[in-house]
Amino acid sequence: MTTRAELLPGTVRALDHRLARGQAEGRAPSMAAGLVRDGVLVWSGGRGSVDGAPPTADTQYRIGSITKTFVAVLVLRLRDEGLVDLAAPLETYLPGTVAGDRTVRQLLSHTAGLASETPSPWWERTAGELRPELADVLGPTPLAHPPGLRFHYSNPGFALLGALVAAVRGRPWGEVLAAEVLAPLGMSRTTLMPAAPHALGWAVHPWADVLLPEPTPDTHLMAPAGQLWSTVEDLTRFAVLLLDGDDRVLSADSVAQMREPLAPPADDGSGYGMGLQLRDAGRPLVGHGGSMPGFLAGLDCAAADGLGVVVFANATSGPAVGSIAADLLGIVADAEPRPPRTWSPLPEVDLDLLALTGPWYWGAAPFAVMLRADRHLELVRLGTRGRESRFRPEAVGTWTGLDDYYAGERLRVVRGPDATVSHLDLGSFVLTRQPYGSPDVIPGGVDPAGWGGSAG
């Protein structure tokens, strides 16, 4: 984590006030929250009581379905090692389930069509011994929809992914998580079962200020769907991973792939990537919510602002954790906007790449090519029409698009017989130095009469 100045006193007061209001309005026995900016925990707060005192950044809460994001990180690690193909059916790695024809990517994005829950009894409040086998987790009719057609949130789907991790690694998924994610990130207070100091889970009566304790069983095979306990200090470390990547755990490129929407958007515009929820709360947010009996949790990141936030409550219902998280991010982003990156010249320049910069034309539409750091190129629109993108260098003379329409598409420098640059080929689109220049390379040719002054 890097060093960054503390928040302004007024910002801290606003954060403290929003957390206090959330705890009071939500009637939560306790709430804890924390916020990271550019990799540093710059604020944390606690309201209510745990063991007779306000919770701290070291107080454990159950984080529910945020556990799924950890499982997704483990699966992406296997993909990056070449051990798992996301397009492959589950049967390839975990034989013998009725969901074997669903792909790993579909399971990660809740598009596999699996049922939302296990058969009765409700898995979140009952011991995992009631479901000793994956067949017990899935039940006799787990296939609710055809695969790949719609988003349908599935807790058993992530139980299968946890079992996949265990099968490929040859040891329990929790051990894999501890060794490959928690230890490198210094998350020593994130565990499968609670470790003191931790909050107790409560249900708050809807019409009276009284409490009922909630059970917190070990859900065993269903644990990858929502078992983990964590702290503000630990989970904000995980937020930094989701913002910036960490080569000890998962690269920035792979984290960015997790954030890509794979499921059709819901009516409210929210979407889902691979183990990550995507929503717009005045700014694009990526993260995950969590709920288990007695607990609510939220993890959200605003990548453009370099901010991540976590919010915990030990109540089954009541506190609007997602709204509180978004408000906390907004307070900092609006009061202390992230300054632009300091501009500095490139440390060295490739003259061949420099020669590619400047105006280019797709037909008559003007664009410009910009040279960026690490031999990256950027195509920017100069008129009112056109698609823009950044491009990552590949083999000599080729780049791969990183954004929007051109994501994954190839940009290629085409040279003539004399080795000079003839044009740029972008997924079959031809860009020339003059509007409809180089008639011999323009698809369909160019009228030999050339440009004229009258359309009549």
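With the simple spin-label model, which puts each label point 7 Å out from Cα in the Cβ direction, the ALA196 to LEU130 separation comes to 3.0 nm.
Derived scalar couplings between HN and Hα for segment 366-379 equal x, 10, 9, 9, 10, 9, 10, 5, 6, 6, 6, 10, 9, 9 Hz in order, rounded to whole Hz, by the Karplus curve 6.51 cos²θ - 1.76 cosθ + 1.60 (θ = phi - 60°), x for Gly and Pro. Projected label points at TYR153 and GLU260, each 7 Å from Cα along the beta carbon direction, are separated by 2.5 nanometres. Report note on the peptides 199-208, 278-287: ranked by the mean count of other C-beta atoms within 10 Å, highest first, their order is 278-287, 199-208. Distance from the alpha carbon centroid of segment 364-415 to that of segment 253-331 works out to 31 angstrom. The gain in end-to-end length when the ASP218 to GLU348 segment is fully stretched comes to 41.1 nm, 0.36 nm per residue minus the alpha carbon separation. If R0 is 25 Å, the Cβ-Cβ spacing of ARG372 and LEU8 corresponds to a FRET efficiency of close to 0.15.
Relative to the longest principal axis of the Cα atoms of the chain, the long axis of helix 321-335 makes an angle of roughly 50 degrees.
Placing +1 on the Cβ of every Lys and Arg and -1 on the Cβ of every Asp and Glu, with no other charges, gives segment 351-441 a dipole of roughly 140 debye about its Cα centre. Checking every one of the GluC sites (Glu not before Pro) in segment 115-146 against DSSP loop status and a limit of 16 other Cβ atoms within 10 Å picks out GLU133. For the chain, the longest principal axis of the Cα atoms and the long axis of helix 155-169 meet at an angle of about 80 degrees. Using C-alpha pairs below 8 Å separated by at least 6 residues, the relative contact order for segment 9-335 is 26 percent. Using only side-chain charges placed at the Cβ, +1 for Lys and Arg and -1 for Asp and Glu, the dipole size of the chain relative to its Cα centre rounds to 380 debye.
Give me the percent relative contact order of segment 194-295, please, defined on Cα pairs under 8 angstrom at least 6 residues apart. The value is 23 percent.
Since only ALA14, VAL446, ALA368 are under comparison, the one whose Cα sits farthest along the positive direction of the charge dipole of the chain, derived from C-beta charges on Lys, Arg, Asp and Glu, is ALA14. On a 0 to 90° scale, report how tilted helix 232-244 is relative to the longest principal axis of the chain, with both axes built from alpha carbons and the result rounded to the nearest 10. Approximately 20 degrees, to the nearest ten. The modelled label-to-label distance between GLU409 and SER116, using points 7 Å beyond Cα along the C-beta direction, is 3.9 nm.
Simple rule: put +1 on each Lys or Arg Cβ and -1 on each Asp or Glu Cβ in the chain, find the dipole, and look at GLN23, THR398, GLY226; the Cα lying farthest toward the positive end is GLN23. Peptide packing: for 438-446, 298-306, the average count of neighbouring Cβ atoms within 10 Å per residue gives the ranking 298-306, 438-446, highest mean first.
Distances between placed amide hydrogens fall under 5 Å for ALA203 paired with LEU212, GLU214, THR316, all partners being 5 or more residues away or on another chain.
Each of LEU276, ALA135, LEU431 was placed along the dipole of the chain (beta-carbon charges, centred on the mean Cα), and the one lying farthest toward the positive end is LEU431.
Using 14 Å as the cut-off for backbone N distance, which residues of segment 427-450 belong to the label zone defined by a point 7 Å from the Cα of ARG387 along Cα→Cβ? Answer for this model: 427-431.
Each peptide in 417-423, 342-348 was scored by the mean count of other Cβ atoms within 10 Å over its residues; highest first, the order is 417-423, 342-348. Residues whose amide H lies under 5 Å from that of ALA320, counting only those 5 or more places away or on a different chain, are absent; hydrogens are built 1.01 Å from N in the peptide plane.
Values in this text are rule-based calculations from the coordinates and carry no lab data. This one's a predicted model, so the numbers in the text were calculated from it and none came from an experiment. No Cβ is skipped: glycine too gets one built from the backbone with ideal geometry, and neighbour counts run over all protein chains shown.
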